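Comments concern the structure below.
The values are calculated or read from the model by the stated rules, or taken from the named source; none is laboratory data. Source: prediction; values computed, not measured. Cβ atoms come from the backbone with ideal geometry, glycine included; neighbour counts cover every protein chain shown.
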Amino acid sequence: MSRDVCRNAWQAEAERDGRLGPAERASFARHAPSCADCTAELASLAALDDAMGALPSGERTALEHRRARQALLRAADAEIAGRAPVRRAPWLYATAAAAVLVLAVGAALRLSHPVHTEAVAVATAQFEVADVAAAQWSRETTGATTRLALRAGTAGFHVEHLEGAARFLVSLPDGEIEVRGTRFVVAVDGGHTRSVEVTEGTVALTLPGYAGLLRAGERWPAVAPAQASPTPSAPSAPPSSAAIDPPAATDRHVASPAPAPSPPSAPSVSTAATAPATSAAGTRFGEAMSAYSAADYGRADALFEAFVRDYPRDGRAEDATFLRADARARRGDAAGAASIAKQYLRAFPHGLRRTEARRLAGD
Amino acid sequence: MMAAQRMNPPAPATDAALLARVRDGDLGALGELYDRHAESVRRVLARLGLRPGDADDLTQATFLDVVRAAASYDGRDSARPWLVGMAVMRARRHRRSITRWAAHLVSVGREPSPPAAATPEAALDRQQQAQRAQRALDALAPKKREVFVLVVLEGLSGEEVATTLGVPVATVWTRLHYARRELRDALSRGER
């Protein structure tokens, strides 16, 4: 014969959700400690919250967030300004729609791969992979995302600058690399990443205990592997076409034998061995942003100005110039803000902040 | 002069103020709103069952919706429930779209979660817990899942969720009750 459950047990859930009025809550608070059913119900709800709290948050890295933010502002700017980045004839839309349909049907026939039809038609990364030393890898393309899993050996990568939402990632046994357009060499051995050397562009590297950007001339770890690991670092062998995956019919990447990306040459390794993991430019921009975030606009203005002067070709020079104008405006210096905003518009006539810059410039 | 200015830093703008600027074409305000809420919106989308790439795409789409819908914002200081609501509607449309175009396709597996920096034992334990939780969540029907994610995992109030989903508050609590019951059953089965 089964025992009836306490008729107040439902209040455990209501109490947790804040649905009880003050009187009910007080009454339940007096009742629950002496009631086995209600105590058990409260414990069960807490255990459920704990269990579901284990779900990964899946947050993006700062670099991923920044890229997505830039892509959003670019798209929003086009929408606000009423100008698409590229004007297309109506027939092109029809062609694109037909291509989506064809690709979606084609994808549907390839049942062996996970498919999400909304992203099938977007451009994927164009890249080359070279087998520098016994490299073993496999490739997976999902929508606009291309992911290469490097299991062992040393491979050189050359990724063309990515367009739109295209993403290129290298999965490592113990981490991940994401790039936008770069040349780099990665060595994996014994289930661990031994080294990453960047010869062109920037990569975002995530490994246990390390997450950061490596720029051209930089390497991870900062100490040359010749002393620290047995990873092959000899000049590159000719790329082995046998080790390169055959391209899938819908992929745009270049997978034919290609010249190996520059191996870490002696000067490069020598420089990189002493290079900090974070670049001087990154540190300088970070300092300026910190001042700006702390509302120390005078200092932010000076630091951004110095950043633009010292790194005029850095991708952040545009942000720095605009933020100088914004910092001036926030200090109440409308004339200074207008002057810098005009500088911005001259230097970046198609910049992402041109709408706001025009406003600051008084146009 | 500077000291006086630094003593009175401008207070952070409310979401409502940022949205008013977005409505006027201020991209900086949109960027600030994105910095505040994009990860939260993306997390909701992922917990509603979207693959990481799709969650990224729909997060972008949601914030582009903001540009179009800023003029109709109701003026609440925090725009998070409003943004989450638009993301949920995007997720529903996405689900229907996928269903219509590729009903017979089965999405196999999930993209691996980013590597954790914990010790191997702790990482393994955490990974197993996360897998059990994910399986249990995946087994919920979409409407129950939405309510559980928004109320329990994201901390929105019943009233906010009701407004977001366009249902009576009582419906929110009923769905949440059944969601919890199913999750508890699923988790206890997983432990046996």
Evaluate the stretch A:302-317: report whether one residue or more is of a type outside the set (Val, Ile, Thr), over 30 Å from A:Glu200 (Cβ atoms), within 14 Å of chain B (Cβ to nearest Cβ) and touching a residue at least 24 places away in the same chain (Cβ under 8 Å).
no
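For (1) touching a Pro at 6+ places or on another chain (Cβ under 7 Å); (2) away from chain B (no Cβ under 12 Å); (3) within 30 Å of A:Leu207 (Cβ to Cβ), each residue gets a yes or a no:
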position	(1), (2), (3)
A:Cys6	no, yes, no
A:Leu42	no, yes, no
A:Leu48	no, no, no
A:Ala51	no, no, yes
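One line per residue, one yes/no per condition, for (1) within 22 Å of A:Arg60 (Cα to Cα); (2) surrounded by fewer than 20 Cβ atoms within 10 Å (Cβ to Cβ); (3) more than 14 Å from every other protein chain (Cβ to nearest Cβ):
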position	(1), (2), (3)
A:Pro173	yes, yes, no
A:Thr199	no, no, yes
A:Gly212	yes, yes, no
A:Gly217	no, yes, yes
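Answer yes if at least one residue in the stretch B:84-99 is at pLDDT below 85, part of a loop (DSSP other than H, G, I, E, B) and under 18 Å from the mean Cα position of the chain (by Cα), and no otherwise. Can you show your working first?
Step one: filter the stretch B:84-99 for residues at pLDDT below 85, giving B:93-99.
Okay, now just the ones that are also part of a loop (DSSP other than H, G, I, E, B), so none.
No.
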So the check is Cβ under 7 Å with 6+ separation or different chains; which pairs have a first residue in the stretch A:16-45 that's over 23 Å from B:Val169 (Cα atoms) and a second one that's of a type in the set (D, E, K, R) and surrounded by 15 or more Cβ atoms within 10 Å (Cβ to Cβ)?
A:Ser44/B:Arg184
Which ones in the stretch A:173-192 are part of a strand (DSSP E or B) and farther than 17 Å from A:Glu218 by Cβ?
A:Glu176, A:Val188, A:Asp189, A:His192
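Return a yes/no flag: does the stretch A:90-100 have any residue that is modelled with pLDDT of 90 or more and either within 11 Å of chain B (Cβ to nearest Cβ) or loosely packed, with under 12 Cβ neighbours inside 10 Å (or both).
No: the stretch A:90-100 contains no residue that is modelled with pLDDT of 90 or more and either within 11 Å of chain B (Cβ to nearest Cβ) or loosely packed, with under 12 Cβ neighbours inside 10 Å (or both).
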Just to be sure I understand, how many residues within the stretch B:168-192 are among the aliphatic types (A, V, I, L, M) and surrounded by fewer than 16 Cβ atoms within 10 Å (Cβ to Cβ)?
2
Go through the stretch A:255-309 and give me each residue that's surrounded by fewer than 16 Cβ atoms within 10 Å (Cβ to Cβ) and modelled with pLDDT of 75 or more.
A:Ala280, A:Thr283, A:Gly286, A:Ser290, A:Ala302, A:Ala306, A:Arg309
Under the condition of being surrounded by 21 or more Cβ atoms within 10 Å (Cβ to Cβ) and touching a Leu at 6+ places or on another chain (Cβ under 8 Å), which residue from the stretch A:313-339 is modelled with the lowest pLDDT?
A:Asp326
